[in-house]
Amino acid sequence: MELAGLSVASAAATEYPVSTHPRVLVVAGPGNNGGDGLVAARHLHHFGHTVSICYPKPTDRPLYNGLVTQCRSLGLQFLTSEELQASPLNTRFDVVLDALFGFSFKGEPRPPFDAIIDMLKPGANPPPIVAVDIPSGWDVEAGDAAGTGLRPDMLVSLTAPKLCAKHFAGSHHYLGGRFVPPQIKEKYRLQLPAYSGVSQCVRVGGSGRSPAAGPANVADMRLSYGAGGRSLDEADLAEAGPMAEFDAWFKLAASCGVQEPNAMSLATASASGAPSVRYVLLKGYDERGFVWYTNYDSSKGKQLEENAAASIAFWWEPLQRQVRVEGVVEKVPDEESDAYFYSRPRGHQIGALVSMQSMPLRHGRQELEDRAAWLEAQYADETAPVPRPPHWGGFLLRPLSIEFWQGRPSRLHDRLRYVRQSAGSQEWRLERLAP
Ligand SMILES: Cc1cc2nc3c(=O)[nH]c(=O)nc-3n(C[C@H](O)[C@H](O)[C@H](O)COP(=O)(O)O)c2cc1C
């Protein structure tokens, strides 16, 4: 139930994120389906939604009582069915999670569920509905045979889609419940799609476009920032200065699900000022500045040789935060590059020897693979160290300005920038910039 509820919440929040659908109503029935709904309610709260629950016939069993206690202790609002019926759902909620009845439901819904289901029918003009496993009132095989039932916008099938999913005509069909043991898969010949990465859900169909697929028109791709309520005030900044502030932001980004929080865009320019930008990985930061490793003979290496000015930027989407740094670059001392080089896996050490980064491969990829095979043979004896090539090492960006950017509603973002006169100065001036 925990994993099922988590996958329902993940799928729902993917299609109806807090930025566009902050107010969620969960209607929970007395059985398993209702339990999944209560777990999903809790997770949606943690994802930042404002969640209300209507659970008119609570099941008096320890598991369910525990779920209610958890939801109440998080401050989730519980509504009676009468309170729910007091005004149309679309005036109070942006999306409804239908967890009333699951696949074992038969017959006609009884009070108070009949009235709740009526509020979810198309005639009542409800907000988009996310059905958990089966739209409430549907038959597990025939679906909505009479054609008078719910028309959910999204269906989250659990463990495997039930037969009635064939009749689902809404925008988003997801599968959740990534816990089916192989024996069960084989026994029932389930053909389940692959989940990607650590995802708890996978999109399996639906008529609508998913944010993952991208909207039809790129100009319509727009998140509204600031729903999480974060702001950035001068008084919040670390007393110890911008690197301490960066440290706090970086650690928060690393703890909130950003896959590679240390990925940063690095802009360099030739002596004549022609710019070039690419991503690299931050490999260290301290009071001196920001360090990454690369090939000194690469395009960026050559540009930095002739023009030491550079800029980096981080974007941490879940926090709606950006950090921008501008400054001057120098090579890190050899010992520092050695220390990092020998901390890398041996294959990566050999990789640094293989690639003449940014040079054209005139004989195609084969040239690279032949060189890799040759070098691997050269260094087959794992007791012999791989020498760090002199053209591979670290760069240090000493900042002259560091800007902390926090997304806020209506594009009225917060921007606080630290500036100093020279890389040796300890005197940082703080200024707020217009967004
Ligand atoms: C997420 C990400 C991280 C990367 N990290 C590095 C890195 O740390 N060092 C590096 O030399 N290239 C890294 N690359 C590859 C660079 O983006 C780039 O292709 C390469 O350094 C050659 O750039 P240049 O021709 O401008 O010198 C990374 C690419 C991505 C997408």
Does residue 386 satisfy the condition of being aliphatic (A, V, I, L, M), touching a residue at least 12 places away in the same chain (Cβ under 8 Å), surrounded by 11 or more Cβ atoms within 10 Å (Cβ to Cβ) and closer than 22 Å to residue 288 by Cβ? no
Quick check on residue 411: is it within 16 Å of the ligand (Cβ to nearest atom), surrounded by fewer than 15 Cβ atoms within 10 Å (Cβ to Cβ), farther than 22 Å from residue 262 by Cβ and among the basic types (Lys, Arg)? no
Residues of region 222-281 being polar (S, T, N, Q), modelled with pLDDT of 90 or more and either over 25 Å from residue 400 (Cβ atoms) or outside any strand (DSSP E or B) (or both), in sequence order, are 262, 270, 272
Residue within region 107-123 that is over 24 Å from residue 38 (Cα atoms) and touching a strand residue (DSSP E or B) at 6+ places or on another chain (Cβ under 7 Å) present: no
Tell me, which residue of region 296-322 that is of a type in the set (A, V, I, L, M, F, W, C), in contact with a strand residue (DSSP E or B) (Cβ under 7 Å, 6 or more places away or on another chain) and in a strand (DSSP E or B) is farthest from the ligand (Cβ to nearest atom)? 309
Which ranges mark the strands (runs of 3 or more DSSP E) fully within region 29-127 that have 1 or more residues being surrounded by fewer than 18 Cβ atoms within 10 Å (Cβ to Cβ) and touching a residue at least 12 places away in the same chain (Cβ under 8 Å)? 50-54, 77-79
Meets criteria (β-branched (Val, Ile, Thr) and more than 11 Å from the ligand (Cβ to nearest atom)) for residue 325: yes
Whichever residue in region 241-271 is among the small types (Gly, Ala, Ser), more than 16 Å from the ligand (Cβ to nearest atom) and over 21 Å from residue 417 (Cβ atoms) and, among such residues, is surrounded by the fewest Cβ atoms within 10 Å (Cβ to Cβ): 255
Scan region 353-366 and give yes if some residue there is within 14 Å of the ligand (Cβ to nearest atom) and assigned by TED's automatic domain parsing to the domain that holds residue 284, otherwise no. no
Within region 35-45, identify whether any single residue is closer than 24 Å to residue 143 by Cα, out of contact with any Phe, Trp or Tyr (no Cβ under 9 Å at 6 or more places or on another chain), of a type in the set (A, V, I, L, M, F, W, C) and at pLDDT 95 or above, and answer yes or no. yes
Among the numbered criteria (1) closer than 16 Å to residue 164 by Cβ; (2) part of a helix (DSSP H, G or I), which one does residue 136 miss? (2)
Tell me, yes or no, whether region 340-349 has at least one residue that is assigned to a loop (DSSP other than H, G, I, E, B) and in contact (Cβ under 8 Å) with a residue 24 or more places away in the chain. yes
Within region 272-295, can you find the residues that are within 20 Å of residue 359 (Cβ to Cβ) and more than 10 Å from the ligand (Cβ to nearest atom)? 274
For residue 65, state whether it is among the polar types (S, T, N, Q) and within 19 Å of residue 101 (Cβ to Cβ). no
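The values are calculated or read from the model by the stated rules, or taken from the named source; none is laboratory data. Note that the structure is a prediction, hence the values are computed from the model and not measured. Because the Cβ atoms are built from the backbone with ideal geometry, glycine has one as well, and the counts that use them run over all protein chains shown.
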